[in-house]
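Contents: one structure, followed by commentary.
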Amino acid sequence: MRICIIGHFGGNREFNDGQTVKTKTIYHALMNRRFDIDKVDTYYVKHRPLKFCVSFIKSMKQDKKYIVLLSDNGRKVLFPVLYFLSKYGKEIYHYAIGGRLSREVKKKNRWSKYISSFTGNWMESTLLVKQLNELGINNAKYIPNFKKLNILKIENLSNEYQMPFRFCMFSRVMKEKGVEDAITSINEVNNRYGSVVAKLDIYGPIEEGYDNRLKECLEKAKNSCRYRGIVKATESVEALKDYFMLIFPTHWKHEGIPGTIIDALSAGVPIIARRWQYCDEMLDDKKTGYIYDFEHPEELTEKIWYAVNNPTQVMGMKSNCLARADDYSEEKVMKMILDSMELDTNL
């Protein structure tokens with residue numbers, strides 16, 4: 001059985017955004033299970049449209065099952081084509097990126113018809129499945145985001161802590177991910193304490209045009225905050241495992257199931273998170289970290305302050321993080337995917 005994956009592979013360039021990582025992750029997971037896989041790279045829609053069209057047409061001739069992972073722009077372009085294919089016997093499995101699909105369906109009347117024609121719509125969130133059901137879309141199924149990571153073994157957890165406490169961020173580096181909020185809060189905690197009790201390391205690709213702003217922010221906090229570059233997706237656990245906590249102060253309320261949260265859980269690192277729409281499906285307050293109200297971003301400072309004054313409680317959450325990480329493991333999620341596609345789970 002040949003399967004075609006349509007998604008952003010990034011051509012010959014290296015991308016570390018969530019969409020590309022997710023697309024490559026499922027591609028390699030299926031390849032490792034010895035399925036015959038074709039890929040159609042949406043990177044070429046803009047950069048080499050003829051190459052994209054040729055690979056897409058070729059897939060139409062030889063593939064029956066499609067897994068598609070599309071951004072909002074990709075959905076606009078390809079949903080009508082995929083609808084057409086579904087009418088001619090192709091099995092379309094739409095593995096949604098992010099958590100905005102129900103909002104987009106409300107705005108775009110035809111999208112309901114398009115995605116209802118697919119064999120399945122795989123949502124990262126149970127709430128999103130419910131929202132689509134309420135819109136009359138009954139082929140939505142919960143299949144979370146996942147990563148191929150070696151979840152840290154509980155015996156390898158660090159039970160020691162010392163000041164200054166090491167915090168980190170691990171995502172695209174941009175204002176909308178809350179980078180400036182994190183830097184400001186770390187500074188405020190240190191100023192309140194009268195010494196450097198908290199430090200922040202920032203990892204991830206810097207958004208185009210944000211370099212100078214980042215340098216400006218870091219210059220004001222050079223004793224406590226620094227940029228540490230990009231870590232390969234497969235090396236996240238090793239990079240994060242010795243940190244005290246990860247900070248996730250996103251400005252996007254409709255984040256889906258962020259890969260950075262999976263990274264932190266897999267490394268046994270509790271998370272301080274702003275309560276985005278699907279936050280409570282991933283994290284439990286005071287069990288896997290601390291959650292603060294989305295409408296009150298200033299509460300981040302108080303959560304960091306509380307953490308540095310209650311380190312024993314933070315360290316006690318590490319094992320909970322490892323237990324939660326299993327829900328986003330490749331083995332567990334791939335079984336859900338293969339069952340949904342009625343493929344052999346023993347491969």
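The values are calculated or read from the model by the stated rules, or taken from the named source; none is laboratory data. Predicted, not measured: the structure shown is a model, and the values here were computed from it. FYI the Cβ positions are ideal-geometry reconstructions off the backbone, even for glycines, and counts take in every protein chain you see. For accessibility, only protein heavy atoms count, side chains too; no ligands or nucleic acids. Shrake-Rupley method; radii C 1.70, N 1.55, O 1.52, S 1.80 Å.
Determine which single condition residue 199 fails, assuming it passes every other condition in (1) under 28 Å from residue 15 (Cα atoms); (2) touching a residue at least 40 places away in the same chain (Cβ under 8 Å); (3) crowded, with 17+ Cβ neighbours inside 10 Å; (4) not hydrophobic (A, V, I, L, M, F, W, C). The failed condition is (2).
For segment 214-231, what are the residues that are farther than 23 Å from residue 24 by Cβ and in a loop (DSSP other than H, G, I, E, B)? Listed by number, the residues that qualify are 220, 221, 222, 223, 224. Note on segment 309-337: residues that are under 16 Å from residue 198 (Cα atoms) and open to solvent by 10 Å² or more (accessible area, probe 1.4 Å) total 5. Scanning for something modelled with pLDDT of 95 or more, under 17 Å from residue 255 (Cβ atoms) and surrounded by 14 or more Cβ atoms within 10 Å (Cβ to Cβ), does segment 101-110 turn up at least one residue? No, that holds for no residue. In segment 27-36 there is no residue matching the filter, namely being at pLDDT below 90 and among the acidic types (Asp, Glu). For segment 14-41, filtered to residues that are of a type in the set (Val, Ile, Thr) and in contact with a Leu (Cβ under 7 Å, 6 or more places away or on another chain), the residue that is nearest to residue 68 (Cα to Cα) is 23.
Residue-by-condition table, conditions (1) under 24 Å from the mean Cα position of the chain (by Cα); (2) among the hydrophobic types (A, V, I, L, M, F, W, C):
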residue	(1), (2)
129	yes, yes
134	no, no
139	yes, no
147	yes, no
150	yes, no
156	no, no
165	no, yes
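Matching residues to (1) touching a helix residue (DSSP H, G or I) at 6+ places or on another chain (Cβ under 9 Å); (2) over 25 Å from residue 232 (Cβ atoms):
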{"site": "5", "(1), (2)": "yes, no"}
{"site": "9", "(1), (2)": "yes, no"}
{"site": "33", "(1), (2)": "yes, no"}
{"site": "55", "(1), (2)": "yes, yes"}
{"site": "59", "(1), (2)": "no, yes"}
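Of everything in segment 207-266 that is under 15 Å from the mean Cα position of the chain (by Cα) and of a type in the set (Asp, Glu), the residue that is most open to solvent (accessible area, probe 1.4 Å) is 255. The set of residues from segment 197-213 being among the β-branched types (Val, Ile, Thr) and not in a loop (DSSP other than H, G, I, E, B) comprises 202, 206.
Residue-wise test of (1) crowded, with 17+ Cβ neighbours inside 10 Å; (2) part of a loop (DSSP other than H, G, I, E, B).
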{"residue": "11", "(1), (2)": "no, yes"}
{"residue": "29", "(1), (2)": "yes, no"}
{"residue": "46", "(1), (2)": "no, no"}
{"residue": "51", "(1), (2)": "no, no"}
{"residue": "54", "(1), (2)": "no, no"}
{"residue": "66", "(1), (2)": "yes, no"}
{"residue": "74", "(1), (2)": "yes, no"}
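Remark: pairs (first residue in segment 87-109, at positive phi; second residue crowded, with 22+ Cβ neighbours inside 10 Å and not in a helix (DSSP H, G or I); Cβ separation under 6 Å; 6+ apart in sequence or on different chains) = 98/256. Summed over segment 76-108, the residues that are in a loop (DSSP other than H, G, I, E, B), out of contact with any helix residue (DSSP H, G or I) (no Cβ under 7 Å at 6 or more places or on another chain) and of a type in the set (Gly, Ala, Ser) give a count of 3.
Among the listed residues 78, 85, which satisfies the condition of being under 23 Å from residue 343 (Cα atoms) and either hydroxyl-bearing (Ser, Thr, Tyr) or open to solvent by less than 20 Å² (accessible area, probe 1.4 Å) (or both)? Exactly one of 78, 85 is under 23 Å from residue 343 (Cα atoms) and either hydroxyl-bearing (Ser, Thr, Tyr) or open to solvent by less than 20 Å² (accessible area, probe 1.4 Å) (or both), namely 85.
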